Amino acid sequence: MRLIEVLVSSDDREAVLSALESDGIDYVVVTEDSTDSADVLVQFPLPTQAVEEVLESLEEAGIDDQFVIVSSIETARTPGIEDLEERFVSGTETDDSIFSEEIRTRALNMTPSRLTYYAMTVLSAIVATAGLLLDSPAIVVGSMVIAPQVSAALTGTVGMVLNDRGMIVGGISSLVSGLVAAMGGAFVFAWLLRYGGVVPTTLEITAINQVSTRIAPGLLSLIVGICAGAAGAFGLATALPVSLVGVMIAAALIPAAAAVGIGLAWGGLTVAFGAFVLLAINTVSIVLSGLLVFWYLGYRPDDWTRGAFRANLSREHLANVAPALAILMAALLVTGGVLGQHVLFEHAVNDEAREVLEDPAYEELELVDVQSTFAGANLAETNAVTIVVRRPDGVSYPDLVEAFETAIEERTDRDVAVTVEFVDQVDGT
């Protein structure tokens, strides 16, 4: 529920009040005594979903936007409020979207001070690093709760859709610099743990499940980023709470940033690169999917003329938005190419693993899992593939590893090192 306060001149008073009455809106007129003018302050409550339509109607009646206040209220009791709620909340004109000026304010109000933002970012990265090394999902989730990246991501996205240069620069730069701080904080913390004797220097980080899931980007990772950005946009642009959406956005960013730091601290460049690709593609997908959702919900720059798309592509609009979009699209193409290469390799490995087990010599084996390491853009590097199969208890298959390696190398034209892990089937289980 919103309380609207509009300063109306004496010349526009009759037209404005008539517009309110025609929409069935109950109002109160307060005489303005601060000046000698005959201006009045008109106050009226509205359902949140009705704010934009009613204010557009009042602009047509003659008011300008120099003095318009929209504030939140818990409830209102007026003769016509139930009809308005039935019309805009549960009726044919239902729309959860909030007023464009309100979404701008909500996005800006989410942004903490620089000290708080970077401090919370580094703290969340440290917690995520500890959670990854401990292989503790609960601790990793805790790092997402305190991460403030939702503010920067949504501020930049709102700025792009509303053509606000300050919001675009501030939001995108804060998002990127915050993630750099997260990677740096994770690296320093992981390095101290390793060389301070807290964690064995010989620890195989790729054997940790919480780490291994963040160093090989795939299509599911891309979907997570897209859904996180879309959910953030819906949460901010509607009357729905946005707090939980922040956890979703952080889930796509902070653990990946921590994995980059861990990879660098352990000298695993391939590990760090894989996690960085995941972080980059999630960041880009969050911003772009949020932008598409805001556009779908009808948010446009203040001077946008509906129905004249080409005419709206002025030099000013392009100067503000085009550079950010160009950077995002370039990053998406680069990371998308690396992602596509890895996905194709994984698909080929999975197909060949299934085909090998279709041989009559392996009819008693059952494929359980296939995991492929991320090699990035280095096609000359030997890829490690781990294949888990279920077998009858005590039966050996000495030629299985060679069969897998031969089939996969012929299909992918890459050198692979296959490890086969057996799960013994005992008493039919």
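The values are calculated or read from the model by the stated rules, or taken from the named source; none is laboratory data. Everything numeric in this text was worked out from a predicted model, so none of it was measured. Cβ sites come from the backbone with ideal geometry, for glycine too, and all protein chains shown count toward neighbours. For accessibility, only protein heavy atoms count, side chains too; no ligands or nucleic acids. Shrake-Rupley method; radii C 1.70, N 1.55, O 1.52, S 1.80 Å.
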Requested in this report: State which residue is nearest to GLY337 (Cα to Cα) when the search covers only the stretch 363-382 and only residues that are part of a strand (DSSP E or B) and modelled with pLDDT under 85.
Outcome: SER372
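Residue by residue, here is whether (1) of a type outside the set (S, T, N, Q); (2) at pLDDT below 85; (3) closer than 20 Å to GLY159 by Cα holds:
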| position | (1), (2), (3) |
| --- | --- |
| ALA265 | yes, no, no |
| LEU279 | yes, no, no |
| THR283 | no, no, yes |
| SER289 | no, no, yes |
| GLY298 | yes, yes, yes |
| GLY340 | yes, yes, no |
| VAL343 | yes, yes, no |
| LEU357 | yes, no, no |
Query - Sole exception among (1) part of a loop (DSSP other than H, G, I, E, B); (2) surrounded by 13 or more Cβ atoms within 10 Å (Cβ to Cβ) for GLY225, by number - result: (1)
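Can you spot a residue in the stretch 263-271 that is open to solvent by less than 10 Å² (accessible area, probe 1.4 Å), out of contact with any His (no Cβ under 9 Å at 6 or more places or on another chain) and touching a residue at least 24 places away in the same chain (Cβ under 8 Å)?
Here is the first cut: in the stretch 263-271, the residues open to solvent by less than 10 Å² (accessible area, probe 1.4 Å) are 263, 265.
Adding the requirement that they be out of contact with any His (no Cβ under 9 Å at 6 or more places or on another chain) leaves 263, 265.
Imposing the further condition that a residue be touching a residue at least 24 places away in the same chain (Cβ under 8 Å) reduces the set to 263, 265.
Yes.
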Report summary line: Picked from the stretch 63-84 (must be over 23 Å from ASP11 (Cα atoms) and free of Cβ contacts under 8 Å to residues at least 12 places away in the same chain), the residue least open to solvent (accessible area, probe 1.4 Å) is GLU82
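Does the stretch 302-311 contain any residue that is at pLDDT below 80 and among the β-branched types (Val, Ile, Thr)? Please lay out each step first, then the result.
Initially, the stretch 302-311 is screened for residues at pLDDT below 80, giving 302-311.
Of the ones still in play, those that are also among the β-branched types (Val, Ile, Thr) are 305.
Taking every residue of the stretch 302-311 in turn, at least one turns out to be at pLDDT below 80 and among the β-branched types (Val, Ile, Thr).
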Query raised in the report: Can you list the strands (runs of 3 or more DSSP E) found entirely within the stretch 1-62 that contain at least 1 residues being free of Cβ contacts under 8 Å to residues at least 60 places away in the same chain and either of a type in the set (Gly, Ala, Ser) or under 29 Å from TYR299 (Cβ atoms) (or both)?
Result: 2-8, 40-46
Query raised in the report: So which of GLU366, GLU346, GLU352 ends up being surrounded by fewer than 17 Cβ atoms within 10 Å (Cβ to Cβ), in contact (Cβ under 8 Å) with a residue 24 or more places away in the chain and over 20 Å from the mean Cα position of the chain (by Cα)?
Result: GLU366
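With the requirement that a residue be of a type in the set (A, V, I, L, M, F, W, C) and either open to solvent by 40 Å² or more (accessible area, probe 1.4 Å) or in a helix (DSSP H, G or I) (or both), what does the stretch 388-417 give you?
VAL395, LEU400, VAL401, ALA403, PHE404, ALA407, ILE408, ALA417 - these are the residues of the stretch 388-417 that are of a type in the set (A, V, I, L, M, F, W, C) and either open to solvent by 40 Å² or more (accessible area, probe 1.4 Å) or in a helix (DSSP H, G or I) (or both).
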Query raised in the report: Considering the stretch 80-106 alone, what residues qualify as being more than 29 Å from the chain's Cα centre (by Cα) and modelled with pLDDT of 70 or more?
Result: GLY80, ILE81, GLU82, ASP83, LEU84, GLU85, GLU86, ARG87, PHE88
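Run down VAL420, VAL385 and say which single residue is under 25 Å from LEU339 (Cβ atoms), modelled with pLDDT of 85 or more, surrounded by 15 or more Cβ atoms within 10 Å (Cβ to Cβ) and touching a helix residue (DSSP H, G or I) at 6+ places or on another chain (Cβ under 7 Å).
Numbers: VAL420 fails: under 25 Å from LEU339 (Cβ atoms).
Within the list VAL420, VAL385, the selection yields VAL385.
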**Report entry** Selected residue (criterion: surrounded by the fewest Cβ atoms within 10 Å (Cβ to Cβ)) from residues of the stretch 191-212 that are within 20 Å of SER124 (Cα to Cα) and of a type in the set (S, T, N, Q)
**Finding:** ASN209
Requested in this report: Give the stretch 205-220 a look and list any residue that's in contact (Cβ under 8 Å) with a residue 12 or more places away in the chain and outside any loop (DSSP other than H, G, I, E, B), or say none.
Outcome: ILE205, THR206, ASN209, GLN210, VAL211, SER212, LEU219
Requested in this report: Have a look at VAL127, VAL140, VAL122 and point out the one that is free of Cβ contacts under 8 Å to residues at least 60 places away in the same chain and farther than 18 Å from GLY232 by Cα.
Outcome: VAL127
Report summary line: If you go through GLY336, GLY340, the only one that is touching a residue at least 40 places away in the same chain (Cβ under 8 Å) and more than 15 Å from ARG414 (Cβ to Cβ) is GLY336
